[in-house]
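**Q** Quick one: the structure is below, and I'll ask about it shortly.
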Amino acid sequence: MAQSTGYNKIGAAVFISGRGSNLKSLIKFSKTKKSPISIEFIVSNNFKAKGLNYSRIYKIKKKVLNFKEKNLSESKLLYVLKQNNIRIICLAGFMKILSKNFIKKFNGKILNIHPSLLPKYKGLNTHKRALLNKEKYSGCTVHFVNSRLDSGKIILQKRVRISKSETETSLAKKILVQEHKIYPKAILKVFNL
Ligand code: GRF
């Protein structure tokens, strides 16, 4: 991926659908000197996403589109992202599947974070499934997005141990702490930093 130099950071957008804790950790990271990206845009398919508050708190532009007519929402989005010189997209709890066409337009420039050790447990309810299968470990993965769900090239993973008394809630919490650490690290890795 293109290098960023000095204050000339690469414009990034973060796509969310809910709480936005990864968004917050990415914003904090993007404000550090070592970050190659600057978060210029927040996108949500959900008008009620709690994470949209970070748009106001950190004065970052936002765009909310319902994605009911996916093609229309995506073409509006492509326009707005281009206008704002967005060159990298970080999906962070974004619950819509982007079309092949959209992904092609941002070829190799869309990242996602997933709460499992991919290729295990693609899709939803990852913690529940890991516990049901009596896994000893789970974790989180940052990967590139391709047209198949949670299947793009893996950038970084972090493993956590599942304890005997683990519950879905405790596991989710434990993994989320690691998510907030590996997403920034994965971005540095993508930029060879
Ligand atoms: C995270 O667990 C992420 O891995 C998954 O959705 C959750 C989003 O959490 N894709 P948040 O909105 O970043 O707090």
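The values are calculated or read from the model by the stated rules, or taken from the named source; none is laboratory data. Bear in mind the structure is a predicted one, so any value in this text is a computation, not a measurement. A quick note on method: Cβ atoms are made from the backbone with ideal geometry, for glycine too, and the neighbour counts reach across all protein chains shown. Heavy atoms of the whole protein, side chains included, go into the accessibility calculation; ligands, DNA and RNA do not. Shrake-Rupley method; radii C 1.70, N 1.55, O 1.52, S 1.80 Å.
**Q** Toward the positive end of the charge dipole of the chain, about the Cα centre and with charges on Cβ (Lys, Arg +1; Asp, Glu -1), which of Ala186, Leu118, Met95 goes farthest?
**A** Ranked along the dipole, the leading option is Ala186.
**Q** If you place +1 on the Cβ of every Lys and Arg and -1 on the Cβ of every Asp and Glu, how big does the dipole about the Cα centre of segment 113-193 come out, in debye to the nearest 20?
**A** 220
**Q** Right, another one. Probe of 1.4 angstrom, ligands and nucleic acids ignored: what's the accessible area per residue over the chain, in square angstrom? Numbers along the way, then the final one.
**A** Working: 10880 Å² over 193 residues.
Dividing the accessible area of the chain by its residue count gives 56 Å².
**Q** Hey, any idea what % of the chain's accessible area is carbon plus sulfur with a 1.4 Å probe?
**A** Using a 1.4 Å probe with all protein chains present, the chain comes out at 52 percent carbon and sulfur.
**Q** Can you give the accessible area of Ile39 in Å² (nearest 10), computed on protein heavy atoms with a 1.4 Å probe?
**A** 10
**Q** State the volume of the convex hull built on the alpha-carbon positions of the chain, expressed per residue in Å³ and rounded to an integer.
**A** In the chain, the Cα hull volume divided by residue count equals 114 Å³.
**Q** Among the trypsin sites (Lys or Arg not before Pro) in segment 44-118, which ones are in a DSSP loop with at most 15 other Cβ atoms within 10 Å of the Cβ? Mind listing them?
**A** Answer in residue order: Lys48, Lys59, Lys68.
**Q** Could you name the aspartates and glutamates whose alpha carbon sits less than 12 Å from that of Lys164, not counting residues in the same chain fewer than 8 places away?
**A** Glu135
**Q** If you take every DSSP beta bridge whose two residues both sit in the chain, what share of them, in percent to the nearest 5, is antiparallel? Please report the intermediate quantities before stating the final value.
**A** Details: 12 of 30 bridges.
Close to 40 percent.
**Q** Another question, if that's okay. Taking the Cα centre of the chain as origin, work out the dipole magnitude from +1 charges on Lys and Arg Cβ and -1 charges on Asp and Glu Cβ, in debye rounded to 20. Don't skip to the end; give the middle numbers.
**A** Working: 41 positive and 8 negative charges, 48 e Å.
Charge dipole, the chain, about its Cα centre: 220 debye, nearest 20.
**Q** Let me ask something else. Helix 168-190 against the longest principal axis of the chain: what's the angle in degrees, Cα atoms only, rounded to the nearest 10?
**A** 40
**Q** Right, here's the next one. Under the rule of -39500 (n - 2.57) per DSSP H run of 4 or more residues, summed and divided by the residues of the chain, what mean residue ellipticity at 222 nm is obtained, to the nearest 500 deg cm²/dmol?
**A** -10000 deg cm²/dmol
**Q** Now for a separate question. Which value, to two decimals, describes the C-alpha radius of gyration of segment 1-107 once divided by 2.2 N^0.38 Å? Could you put the intermediate results ahead of the total?
**A** Working: Rg = 13.3 Å, N = 107, 2.2 N^0.38 = 13.0 Å.
Scaled against compact globular proteins, the figure is 1.02.
**Q** In segment 69-160, which GluC sites (Glu not before Pro) are in a loop and have at most 11 other Cβ atoms within 10 Å, using DSSP for the loop call? Provide the component values of the computation, followed by the final result.
**A** Values: sites: Glu69, Glu74, Glu135; in loops: Glu69, Glu135.
Within segment 69-160, the qualifying GluC sites (Glu not before Pro) (loop, at most 11 other Cβ atoms within 10 Å) are Glu69.
**Q** So which chymotrypsin sites (Phe, Trp or Tyr not before Pro) in segment 1-110 end up in coil per DSSP with only 12 or fewer other C-beta atoms within 10 Å?
**A** When the chymotrypsin sites (Phe, Trp or Tyr not before Pro) of segment 1-110 are filtered for loop state and at most 12 Cβ neighbours within 10 Å, Tyr7, Phe47 remain.
**Q** Where is the GNM fluctuation largest for the chain (alpha-carbon springs, 10 angstrom cutoff): Leu77, Leu132, Leu98?
**A** The residue that fluctuates most here is Leu132.
**Q** Based on DSSP, what percent of beta bridges with both residues in segment 1-107 are antiparallel, to the nearest 5?
**A** For segment 1-107, the DSSP antiparallel bridge percentage is about 5.
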